[in-house]
Structure formats: structure tokens, C-alpha cells
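One structure is given here, and the rest of the page talks about it.
The values are calculated or read from the model by the stated rules, or taken from the named source; none is laboratory data. Nothing here was measured: the structure is a model prediction, and the numbers come from that model. Reconstructed Cβ throughout: ideal geometry from the backbone, glycine too, with neighbour counts over all protein chains shown. Just so you know, the surface numbers come from the protein's heavy atoms only, side chains and all, with ligands and any DNA or RNA stripped out. Shrake-Rupley method; radii C 1.70, N 1.55, O 1.52, S 1.80 Å.
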Amino acid sequence: VYSDPAEFFAKTYPTVALQHLPERVVEPAPAAEAGELDEDFPRIVGLDTTLGGGNAHALLATYHLLEHRDAIGNLADFIDDPLAERFMKVDRPFRTAVIDGEAISATEARATDAADHPPTQTLWGELVYQLLGLEAYRRIESYDQDRNVPAGDLLADLFRDTDAYHLILMDELALYLE
């Protein structure tokens, strides 16, 4: 169910709480493409729920919404109908990074065992690899392997050179920070 976006949304009831995160994440994209994005629009959305409060479900819904929007038959059930219509017309791609604080550590940030995944050492390295790919990661690899924060201009340049919208989904970040 969780890996199949069509099945996930077909079996998920669109509660108000579940609709909130996807709408907040989706809203800037059509506005930006129309030149209507308010620069004061909050870029960080935090979920404040208790254990069992639906964080993982909301994060997964948001991930599928951005990565597989064409596979969701009932999109207007999960985000406001006019927004859903505008969202489907967004031309720029979405790139999503998924960070699970239970699966990474301060000494190894690699989020998967895939053979082609570089041995990322820091959260910065993992985010750059997931959002921008291997070529971009190679540009910051020495920082990552030395466990240093990349120079601010370097990160800004890497993200400026892409035409995609970027979303970082983080869960259990407190466990990573321990």
C-alpha cells in the first residue's frame, strides 16, 4: 500500500490534518510559476503531532503527491480543487529528499544500501545527493567526507543551477540529533 501511490490514496481517508501538509507544500509551486509567490510565504512547515498522530502518513502523502501526481486519481480529495487544478499544470519537476532520523547517524548519513549511492557522511552530503544527484554530490564530496559544512555559496550555486522544486521530508530528526 505505502509504495503504490494510487493504492495509497485510494485507501486513505482525506482528513483535514492530512490535507494540511500537502496543501502547504504544493501551494508555492503554481504561485511561483505564475509570478505570484509571496516572498514571505513560510518555507518550513513543521508537524506537531503526538506518537500515532499521522506524521508518517502525512509525509508519505506529500511524497507521493509530488513524485507521482499523475497516479493519484482523487487528487482534489487531498488538496483544494482549484489548487489541484493549478498544481497539475506545474511544468518544473519536483525533487524530494527523504531523511529518516532513525536510519542515519552523525557518522553515516547514507539513506540506502543501493550500489550506486555514494557513502555520504553528513546530512548535507545526503541532501545534495538525493536532491541534485551524483554529479552535484561530487562537487561537495570533500566537505562531506571530512564532515564539514560546504561553503554557503557552493550550496547556493548548486541549487541555483537546477530547474526543479526541492522538498526535504524529515522524520524522527530528534533521534538523528541525539
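Look at region 120-178 and say how many of its residues are modelled with pLDDT under 90, assigned to a loop (DSSP other than H, G, I, E, B), within 24 Å of Val90 (Cβ to Cβ) and of a type in the set (Gly, Ala, Ser).
1
Which pairs turn up if I take residues in region 7-36 that are exposed (fewer than 15 other Cβ atoms within 10 Å of the Cβ) and in a helix (DSSP H, G or I) and look for partners that are hydroxyl-bearing (Ser, Thr, Tyr) and modelled with pLDDT under 80 with beta carbon separation below 8 Å, at least 6 apart in sequence or on another chain?
If the second residue must be hydroxyl-bearing (Ser, Thr, Tyr) and modelled with pLDDT under 80, the pairs left are Ala17/Thr49.
Those residues that are in contact (Cβ under 8 Å) with a residue 60 or more places away in the chain and not aliphatic (A, V, I, L, M), I need them from region 82-96; list them, please.
Correct list: Phe87, Arg92, Pro93, Phe94, Arg95, Thr96.
Give region 99-119 a look and list any residue that's part of a loop (DSSP other than H, G, I, E, B) and of a type in the set (D, E, K, R), or say none.
Scanning region 99-119 gives Glu102, Glu108, Arg110, Asp113, Asp116.
Quick test for you: out of Tyr2, Tyr63, pick the one residue that is open to solvent by 60 Å² or more (accessible area, probe 1.4 Å), modelled with pLDDT of 75 or more, touching a strand residue (DSSP E or B) at 6+ places or on another chain (Cβ under 8 Å) and of a type outside the set (D, E, K, R).
The match here is Tyr63.
In region 126-151, which residues are open to solvent by less than 70 Å² (accessible area, probe 1.4 Å) and aromatic (Phe, Trp, Tyr)?
Tyr129, Tyr137, listed by residue number.
Looking at region 41-60, is at least one residue open to solvent by 20 Å² or more (accessible area, probe 1.4 Å), under 17 Å from His166 (Cα atoms) and at pLDDT 80 or above? Full working, then the answer.
Of the residues in region 41-60, the ones open to solvent by 20 Å² or more (accessible area, probe 1.4 Å) are 41-57, 59-60.
Applying the additional criterion that residues be under 17 Å from His166 (Cα atoms) yields 41-46, 59-60.
Next, from what is left, pick out any that are at pLDDT 80 or above: 59-60.
Checking region 41-60: at least one residue is open to solvent by 20 Å² or more (accessible area, probe 1.4 Å), under 17 Å from His166 (Cα atoms) and at pLDDT 80 or above.
How many of the residues making up region 82-96 are buried (at least 17 other Cβ atoms within 10 Å of the Cβ) and not hydrophobic (A, V, I, L, M, F, W, C)?
3
Given the criterion farther than 23 Å from Thr15 by Cβ, open to solvent by less than 10 Å² (accessible area, probe 1.4 Å), in contact with a helix residue (DSSP H, G or I) (Cβ under 9 Å, 6 or more places away or on another chain) and in contact (Cβ under 8 Å) with a residue 60 or more places away in the chain, identify the matching residue among Ile79, Ile104, Ile99.
Ile99
Anything in region 67-95 that is within 19 Å of Ala6 (Cβ to Cβ) and assigned to a helix (DSSP H, G or I)? List them, or say none.
Those that are within 19 Å of Ala6 (Cβ to Cβ) and assigned to a helix (DSSP H, G or I): Glu67, Arg69, Asp70, Ala71, Leu75, Ala76, Asp77, Phe78, Ala84, Phe87, Met88.
Only one of these is touching a residue at least 40 places away in the same chain (Cβ under 8 Å) and buried (at least 19 other Cβ atoms within 10 Å of the Cβ): Leu155, Leu123, Leu175. Name it.
On the way: Leu155 fails: touching a residue at least 40 places away in the same chain (Cβ under 8 Å); Leu175 fails: buried (at least 19 other Cβ atoms within 10 Å of the Cβ).
Answer to the selection: Leu123.
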